[in-house]
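Comments concern the structure below.
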Amino acid sequence: MPFYYQRLNPSYGPITDILSEANSSYQGAIVRFTRRAARGIGVHVTYTWSHAIDDNQSSGTFAKINTVYDPAKLGLEHGTSNFDLRQRVSGAVIAHVPWRLEGWFGKVADGYTVSALGEWRTGLPYTMRTEGSVPTPLCSNYDWLAAGGPDGGSNCLKDETAPGGVITDGARPAPGLGSTLNGSGGEDLIPFIGRNTFRAPGAVGLDVRASKRTSITEHIGLEFFAEALNVLNHRNVTRVQSIGYRLHNQSRSGAYPYANTVSLVYQSGLKTQSVIDADGQTHKELIGSPTVAFGETINSNSTGLYHDRKIQVGCRLYF
């Protein structure tokens, strides 16, 4: 995997190339069951399986820059779409009294309706991402690249003249052009894990409604109703922690001969602290971190479609 430490043409900054090469595909199948309102009960149930794949294309009024991980390998962008809902079941049941009575008894016994609308679906996909940037080594001043050495010695990154800027004589500290793992400053994914390889928890919703209609005259009537939205009060996840690794600025040590080099730290949601036992010995133990672990829920029930349980009652005059 290449690392972008210098521009192919140092006379320019970022160069945006707008291409119409993105592709997308959708495959799906639907099974539907419908029972008309016979004997006062109607049922509608639909199951959908689908798979959407695309090249992570972007759209907008203005061109965006650095939207790919590696501009030399656009195939890394190919994967499951951000909008892929693999399975979904939705349905509705409507029941009303099948009789129609006359007189005052009919005004009491007629006009009752109970309905329910429900949905279950798999979660949306998301990508494991990195946060942070490759630290700048002490030799990162572009004018010093030919001199060598973090302190002016021989271990600094040389100003390579080989085709493509490929470093061929061993590992050396190098500054990145941007804040991603490969230094490009583009998409902050991890290439060998891929795009949208994880999936958030699924969503469940159930709304119910009960109503009673009473006629006052031939053209005027009242409807009394009660509604419960998300009656199960299910916690539908609307955002998860997608940061899997943080780029940590590693200090100089035996294992890391260069200062300001990067190491990957997994976002586990834990941290270590030193404790002293009864014998006066110092040990390390894991405790909870204020930073949310990768894949954990950050937000839930916070959209117009998914929210906490809501109950409302009302009366409506129709004419």
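Read-outs throughout are calculated quantities, based only on the coordinates presented, and are distinct from any laboratory measurement. Since the structure is predicted, the reported quantities are computational estimates derived from the model, not experimental observations. With ideal geometry, Cβ positions are generated from the backbone for all residues, glycine too; neighbour counts draw on all protein chains shown.
The table for this structure:
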| read-out | value |
| --- | --- |
| Centroid-to-centroid separation of segment 40-103 and segment 281-314 [C-alpha atoms, Å] | 24 |
| Separation in nanometres of the label points that stand 7 Å from Cα toward Cβ, at LEU270 and PHE62 | 4.5 |
| Square roots of 5 times each gyration tensor eigenvalue, C-alpha, segment 4-138, largest first, Å | 57, 16, 14 |
| Burial ordering of LEU117, LEU177, fewest other beta-carbon atoms within 10 Å first | LEU117, LEU177 |
| Karplus 3J(HN,Hα) series, Hz, for segment 262-275 with 6.51 cos²θ - 1.76 cosθ + 1.60 (x for Gly, Pro) | 9, 10, 8, 10, 5, 7, 8, x, 10, 9, 9, 9, 8, 10 |
| For segment 281-292, 3J(HN,Hα) per residue [Karplus equation, 6.51 cos²θ - 1.76 cosθ + 1.60, θ = phi - 60°, Hz, x = Gly/Pro] | 8, 9, 10, 9, 9, 8, 10, x, 9, x, 7, 5 |
| For segment 235-244, Karplus couplings with θ = phi - 60° (6.51, -1.76, 1.60), whole Hz, Gly/Pro x | 7, 8, 6, 10, 7, 10, 6, 9, 6, x |
| Segments 211-219, 237-245, 31-39, 68-76 sorted - mean Cβ within 10 Å per residue, highest first | 237-245, 68-76, 211-219, 31-39 |
